[in-house]
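To start, the structure under review is shown below, and the notes come after it.
Just so it is clear, none of the values below were taken in a lab; they were calculated from the coordinates. Every value quoted in this text rests on a predicted model; they were computed, and no experiment measured them. All Cβ positions, even for glycine, are placed from backbone atoms using ideal geometry, and neighbour counts span all protein chains on display.
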Amino acid sequence: MSQATVTISPKEFVELKRTGKTLDLIDVRTPAEYRGVHAEGARNIPLDRLDAARLSREKKGDEPIYLICHTGSRASKACEMFQATGNTNVVSVEGGTNAWEEAGLPVVRGKKAISLERQVRIAAGSIVLLGIALGFLVDEYLFGLSGFVGAGLVFAGITDTCGMGMLLARMPWNQVA
């Protein structure tokens, strides 16, 4: 059974950093999302490429590893990955980059990108509409395409694992040269 995720508010993180401590803040979003806007001082290691065991071994000092994403969901997943390797000294930034920005904390802006969560909603909705159209126009068995996507969304909600999101994260438009 996994441990509960320890969290810190963006303002608490910045206050802690102002004390002079060197804090390791890892942004686990896609490179394109990170390029669009990220918390000042964060480094990018996408969730699908995160090697928690290696990072835990390479870590110096006793400060926790802080994790941030768009809203907090992927950062919590990353915390679970670290905990599975035996490293419980990880902290998720509550509310992610959204909360960081809303708190008026320093961010770095670049070329905007559509968030991975929005990409999943767009793709799932498009496939459902396509399945319905093809079911009416081509063959009724193609309604199954919509059912398949619906089942995938239910599975994603229950397990908090999104196959479509993992696939979209690897697409060229979510990579940065």
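Estimate the FRET efficiency between Val138 and Ile158 by the formula 1/(1 + (r/R0)^6), using the beta-carbon distance for r and 41 Å for R0, to the nearest 0.05. Walk me through the intermediate numbers first.
Details: r = 31 Å, r/R0 = 0.76.
Using R0 = 41 Å, I get an efficiency of 0.85.
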Original post:
If you take every DSSP beta bridge whose two residues both sit in the chain, what share of them, in percent to the nearest 5, is antiparallel?
Top reply: 20 percent
Original post:
Between the range 1-68 and the range 107-170, what's the alpha-carbon centroid distance in Å?
Top reply: 28 Å
**OP:** Amide H neighbours of Asp24 under 5 Å, at least 5 residues apart or on other chains, H built in the peptide plane: list them.
**Re:** Tyr66
Original post:
Arranged by the count of other C-beta atoms within 10 angstrom, fewest first, what order do Trp173, Trp100 take?
Top reply: Trp173, Trp100
**OP:** Sticking with the crude label model, points 7 Å out along Cα→Cβ, report the distance from Asn89 to Leu130 in nm, one decimal please.
**Re:** 4.7 nm
Subject >> Within straight-line cross-link reach of Lys77, lysines at Cα separation under 23 Å, skipping those fewer than 8 residues along the same chain >> reply: Lys11, Lys59, Lys60
Subject >> Furthest towards positive pole of dipole, Leu25, Phe155, Val128, structure part the chain, Cβ charges >> reply: Leu25
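Taking loop as defined by DSSP and a crowding limit of 13 other beta carbons within 10 Å, which trypsin sites (Lys or Arg not before Pro) in the range 100-160 fit?
Answer in residue order: Lys111, Lys112.
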Subject >> Calculated over the range 7-109: convex hull of Cα atoms, volume per residue (Å³) >> reply: 84 Å³
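At 222 nm, what helix-only mean residue ellipticity would the chain give, in deg cm²/dmol to the nearest 500, using -39500 (n - 2.57) for each DSSP H run of four or more?
Details: 8 runs with 87 residues, N = 177.
Counting only the DSSP helices, I get -15000 deg cm²/dmol.
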Original post:
For the chain, what is the relative contact order in percent, using Cα pairs closer than 8 Å and at least 6 residues apart in sequence?
Top reply: 26 percent
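If we count other beta carbons within 10 Å of each Cβ, what is the order of Met164, Met81, fewest first? The partial results should precede the final answer.
Numbers: Met164 18, Met81 21.
Going from sparsest to densest Cβ surroundings: Met164, Met81.
Could you tell me what a quarter of the Cα convex hull surface of the range 61-147 works out to, in nm² with one decimal place?
On the way: hull surface 36.8 nm².
The orientation-averaged projected area of the Cα hull of the range 61-147 comes to 9.2 nm².
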